[in-house]
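S.K.: Before I ask anything, here is the structure I am working with.
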Amino acid sequence: MATLADIGLAAGLNILSAFIFFVAFAILRLQPFNDRVYFPKWYLKGLRTDPVHGGAFVRKFVNLDWRSYVKFLNWMPAALRMPEPELIDHAGLDSAVYLRIYLIGLKIFVPIAFLAWAVLVPVNSTSTGLEGAKLDNITASDIDKLSISNVHKESQRFWAHIVVAYAFTFWTCYILSKEYEKVAAMRLQFLASEKRRPDQFTVLVKNIPPDPDESVSENVEHFFLVNHSDNYLTHQVVYNANKLSKLVKKKKKLQNWLVYYQNKLERTSERPQIKTGFLGLCGVQVDAIDHHNTEIDRLSKEIALERDKVTNDPNSVMPAAFVSFKTRWGAAVCAQTQQTRNPTLWLTEWAPEPRDVYWSNLSIPYVSLTVRRLIVGVAFFFLTFFFMIPIAIVQSLASIEGIQKRAPWLNPIINIGFIKSFIQGFLPGIALKLFLIFLPTILMIMSKFEGFGSISSLERRSASRYYIFNLVNIFLGNILTGTAFEQLDSFIHQPANEYPVTIGTAIPLKASFFITYIMVDGWAGIAAEVLMLKPLIIYHLKNFFLVKTEKDREEAMDPGSIGFNTGEPRIQLYFLLGLVYAAVTPTVLPFIIVFFGLAYVVFRHQIINVYNQEYESGAAFWPDVHFRVIIALIVSQVVLMGLLTTKRAASSTPFLIVLPILTIWFHKYCKGRFEPAFVRYPLQEAMMKDTLERATEPNLNLKAYLQNAYVHPVFKASLGEDDDEDEETMSLKWESESITVPTKRQSRKNTPLPSRISGASSPSLPDAIRNQPEP
């Protein structure tokens, strides 16, 4: 078991590594040639230009002003200086609310840590339970003597743990309630004050029933003219353009390589040669520039043919459409109501904003989604529970005892104090981290296979699965493999009635492992985040080999978004560890607090200066954040009940049963009180927004604004600049008189409602591209 000295040495090493990362970041960010790596957001917004240094040539690459190096940590107060309203304007509500997750961690755990160290640490440390316990298969360390394991069985001291557990629960619920209320208010305020966006007027319609007499586009227009006659404006059907997208992506890749070889020709004055075989390692040797020009021409012809096929083939039209309305109120009514007596047809939901649409999944037939989600559910079950096998192997190998048993020839080396502390302080966390590198990619692939239609929903689904995986494998898996699996031999020779006692005593003894994990994954990991070593290397490679224009440079320095699908589950693991060990081993809490404080400062800096928001969901993820903290709270209560049961505290344990019940009731209250703000849009708010817009912009051409908002990106290039018409020359004419809508249905030739299209049908995508209809 790790001693306080081992933990202290590991903490020192992690602090040193974090400090080195911060110093390296402070130096690298001051260099002129790295400015676009560490401040790309300001360049993409057009608010920052390349630093200009006169004088020596070396000043273009190295900052020679020694005064700028003195305050190498001034980026920290600068990150905290921007007010939250300004941060929302700068980075969006999603980013600002994401940072509040770290603030919640500080708000919850700082008071809890003070209470735990003031009450529980003296209660635990002054007891002698571990000294009196006769468990040969359990080894106690100095940290364990500060935990609940050191309290004697049937001791009256457990009342202190129960009272503090109630205090922890009430305080956590209070903070969660206040934050839920605050974020809900921020979301409604954001929706009320933000600029006009296409998704405010648009609904995504799925599972459109086939009609033998009308196309999907005609069917959609007819349905909404009949059922939403006063509010329907226009629509855009969904095309299966996945193959076309792949061709366009392949062409773009070839164009990047063409730019690289052209740059190489300019530098060397020699025409580059490549081989056409596998990975350029075999095959006929040809001129690289001519070869790529030929391939690009060939792909351009394939793209043109595929585009014509998609736009003219009725089978390429999916039974889904983006339907836009004249007002936000009309869109809200449609998105939040059932359209027909058959609840499986004409399914409506709020359309994601155009940046948020995941176009590949819109072509998946609705009827196959249930089967896909069943398959993914089964696959995730096996991934989660069979992953414990390599975790058990890692935990057995990444220990002093495991190494001594399997590699006795290393005993002289591992007995050295520094190396022994490194193995106990670093190796378990590093080994576990390596196993988790590819997990987010696997979970995102699963979410895409399920068929979610927006990037935000993909990330939320992936985050939910990542959290479950962490709960089962990192938390429960490490507790079990560290107690039951690791000590299986001794359990076999132990009476069965001693099993609960051994496991219950050993759970807090795993705290030392999680402390080292927090330091490796949390402290050093957060410091590595701000250093951005990988983006730094990739940018300079692209800048040297591929960048030819300013647009190329912007693409090379684009850092992407913050990654909710990986970041939020990672935060939730620390909530889980903090709440579980708060009443069991309070020694963990200071390490948790350092993580939340450091992560808040670092990610605030990254959101302000680096990450470019990929979409805006209006903090739609907050109910998931709240729910996962609730799960962590309930798990902590159940763990404490189990521990007290093994301690034979029969008279006090029943008082803990109330806590999970109260927590579940609290969650249901918050779900009913605050969650509607995240799933529905109040009609009152929509009407107020519409009224204000009509008063301030009476000549707004909304149809021109929405006409091509949800056209597939691969088609938008075909629209060109002819689509941008002068708004002053167009007027929005919403007809109110009753005229006839021609229809091809045999049962009913005419419908007494206004038509947006003159003639018998709605415009197809080719018509919209080649000849935009007049409003």
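S.K.: Under a 5 Å amide H to amide H cut-off, with H placed in plane at 1.01 Å, what residues pair with residue 617 once short-range neighbours are removed?
M.R.: Close amide H contacts, sequence-distant or interchain: 94.
S.K.: So, with a 1.4 angstrom probe, what is the percent of accessible area on region 198-352 that is carbon and sulfur?
M.R.: 53 percent
S.K.: Taking the square root of 5 times each eigenvalue of the Cα gyration tensor, what semi-axes in Å does the equivalent ellipsoid of region 198-352 have, largest first?
M.R.: Largest first, region 198-352 gives 48, 17, 12 Å.
S.K.: Moving on to the next point. So which trypsin sites (Lys or Arg not before Pro) in region 315-348 pass both tests, a DSSP loop state and at most 12 other Cβ atoms within 10 Å of the Cβ?
M.R.: Sites meeting the loop and neighbour criteria: 341.
S.K.: Students often check this: by mean Cβ neighbours within 10 Å, which of 587-594, 376-383 ranks highest, and how do the rest follow?
M.R.: Ranking the peptides 587-594, 376-383 by packing returns 587-594, 376-383.
S.K.: Can you sort 665, 257, 42, 171 by solvent-accessible area, 1.4 Å probe, largest first?
M.R.: Accessible-area ranking of 665, 257, 42, 171, largest first: 665, 257, 171, 42.
S.K.: Which loop-located trypsin sites (Lys or Arg not before Pro) does region 508-608 contain, where loop means any DSSP state but H, G, I, E or B and the Cβ has at most 16 other Cβ atoms within 10 Å?
M.R.: Those that pass, being in a loop and sparsely packed, are 548.
S.K.: Once ligands and nucleic acids are excluded and a 1.4 Å probe is used, how much of residue 316 is accessible, expressed in Å² to the nearest 10?
M.R.: 10 Å²
S.K.: Roughly how much of residue 696 is accessible, in Å² to the nearest 10, using a 1.4 Å probe?
M.R.: 90 Å²
S.K.: With 21 Å as the limit, write out which pairs from 41/551; 251/309; 243/309; 243/264; 243/301; 107/510 have Cα-Cα distances beyond it, or answer none.
M.R.: Beyond 21 Å between Cα atoms: 243/264; 107/510.
S.K.: OK, next. State log₁₀ I(q)/I(0) for region 540-674 at q = 0.09, 0.12, 0.21, 0.22 Å⁻¹ as given by the Debye formula over alpha-carbon point scatterers of equal weight, solvent excluded.
M.R.: -0.45, -0.69, -1.28, -1.32
S.K.: Work out the P(r) tail for region 255-296: percent of alpha carbon pairs separated by more than 10 Å, whole number.
M.R.: Tail of the P(r) past 10 Å holds 70 percent of the pairs.
S.K.: A further question follows. Quick one: accessible area per residue over region 198-352, 1.4 Å probe, rounded to a whole number of Å²?
M.R.: 49 Å²
The values are calculated or read from the model by the stated rules, or taken from the named source; none is laboratory data. Keep in mind the model is a prediction, meaning the values are calculated, not measured. Note that we place each Cβ from the backbone using ideal geometry, even for glycine, and neighbour counts take in every protein chain shown. The accessibility values were calculated without ligands, DNA or RNA, using every heavy atom of the protein model including side chains. Shrake-Rupley method; radii C 1.70, N 1.55, O 1.52, S 1.80 Å.
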